[in-house]
Amino acid sequence: MRIVFMGTPDFALASLKALVENNYNVVGVVTVADKPSGRGQKLHQSPVKVYAESRGIPVLQPLKLKDENFLAELKALQPDLQIVVAFRMLPEVVWRLPKYGTFNLHASLLPNYRGAAPINWAIINGEKQTGVTTFFIDEKIDTGAIIAQAVTPIDAHETAGTLHDKLMLQGADLVLKTVDSITAGTCTTQPQNKEITFAEAPKIYKETCKINWEEDGMTIERLIRGMSPYPTAWAEFPHKGEMLATKVYDAVFEPATHNEPIGKLLAEKKQLRVAVKDGFIQLLELQLPAKKHMKTADLLNGFSFSEE
């Protein structure tokens, strides 16, 4: 089975490594073009590209997926099967190319959490479990026939980062099982119900990440965990007459009855808490503008929030 793999970040890299290191025949990799990043604007190569080149696998980096030169190079690889993990929407001319089709690994139990940010939204919405799904790509995003799924629980203090790493490894294992079933001719599929509305996972923007202290405490805690470590929840806190946009990486909700104004920041004994309507949010890890990510106790050693 001649496999072409398409992906970009670390989440995709785990699946590519599993394929290569278990001797599946990966004949080519498609990934994002190198992009300038950082202060020096040096060209950044995707994790998938770095690994593929280290293993001598041909790498294609098209700017446009309908580009004739790219399509010619892809056809020259003669793929029997294409695997997509954390890449981008493919045009039909690409996903229809291989004899056995193109399947995608998605970090949710489809049809729930279709979209760009399934890991984040599963935590934000308070789900008790999630998982990974492989499905054959069709004309719409994340709607193709389901091949296989695997379930994982979401722990009480799970973050997007810890859940990402669990699903990354679980997904790599499911990719291998899916390839095996296709190769053996035992693959069966289940069509997704496209008429019912399910939980969705839309793209996250900066305003999505802003903490609203008027919400109940558990909702706020889940937002913070669901955005950590990326793209990160944030709020504005007072310091010397100005408001500092501060990233919040970790926090815990403490239920309580109190008379403090909602949104008031309370500093006490190397702790920071924010009053909410049903208790307090204890802020555990923060990052000030242009500063390092720190535990709150360490931050308060040399810094204080105040109105004046």
Are any of the residues in region 44-59 more than 22 Å from the chain's Cα centre (by Cα), modelled with pLDDT under 95 and surrounded by fewer than 17 Cβ atoms within 10 Å (Cβ to Cβ)?
no
In region 220-245, what residues are within 26 Å of SER306 (Cα to Cα), open to solvent by 40 Å² or more (accessible area, probe 1.4 Å) and outside any loop (DSSP other than H, G, I, E, B)?
GLU236, GLU242, MET243, ALA245
So how many residues does region 110-131 have that are under 24 Å from THR232 (Cβ atoms) and part of a strand (DSSP E or B)?
3
Which numbered condition trips up ASN212, out of (1) more than 28 Å from ILE119 (Cβ to Cβ); (2) out of contact with any strand residue (DSSP E or B) (no Cβ under 7 Å at 6 or more places or on another chain); (3) free of Cβ contacts under 8 Å to residues at least 24 places away in the same chain?
(1)
The one condition in (1) farther than 24 Å from LEU176 by Cα; (2) over 20 Å from the mean Cα position of the chain (by Cα); (3) small (Gly, Ala, Ser); (4) open to solvent by less than 10 Å² (accessible area, probe 1.4 Å) that ALA122 fails to fulfil:
(2)
Among the residues of region 6-37, which ones are outside any strand (DSSP E or B) and farther than 24 Å from ALA117 by Cβ?
LEU19, VAL20, GLU21, ASN22, ASN23, TYR24, ASN25, ASP34
Within region 103-114, does at least one residue satisfy the condition of being over 13 Å from the mean Cα position of the chain (by Cα) and farther than 26 Å from ILE224 by Cα?
yes
Identify, from the list VAL248, VAL274, VAL252, the residue that is open to solvent by less than 80 Å² (accessible area, probe 1.4 Å) and in contact with a His (Cβ under 8 Å, 6 or more places away or on another chain).
VAL252
Within the bounds of region 187-200, is there any residue that is of a type in the set (A, V, I, L, M) and under 26 Å from the mean Cα position of the chain (by Cα)?
yes
Would you say ASP138 is modelled with pLDDT under 95, farther than 24 Å from ILE204 by Cβ and open to solvent by less than 40 Å² (accessible area, probe 1.4 Å)?
yes
Residues satisfying the stated conditions in region 279-308, i.e. among the acidic types (Asp, Glu), in contact (Cβ under 8 Å) with a residue 12 or more places away in the chain, open to solvent by 50 Å² or more (accessible area, probe 1.4 Å) and not in a loop (DSSP other than H, G, I, E, B):
none
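The values are calculated or read from the model by the stated rules, or taken from the named source; none is laboratory data. Just so you know, these numbers come straight off a predicted model, no measurement behind them. Glycine also receives a Cβ, built like all others from the backbone with ideal geometry; neighbour counts cover every protein chain displayed. In case anyone asks, the SASA skips ligands and DNA or RNA and just uses the protein heavy atoms, side chains included. Shrake-Rupley method; radii C 1.70, N 1.55, O 1.52, S 1.80 Å.
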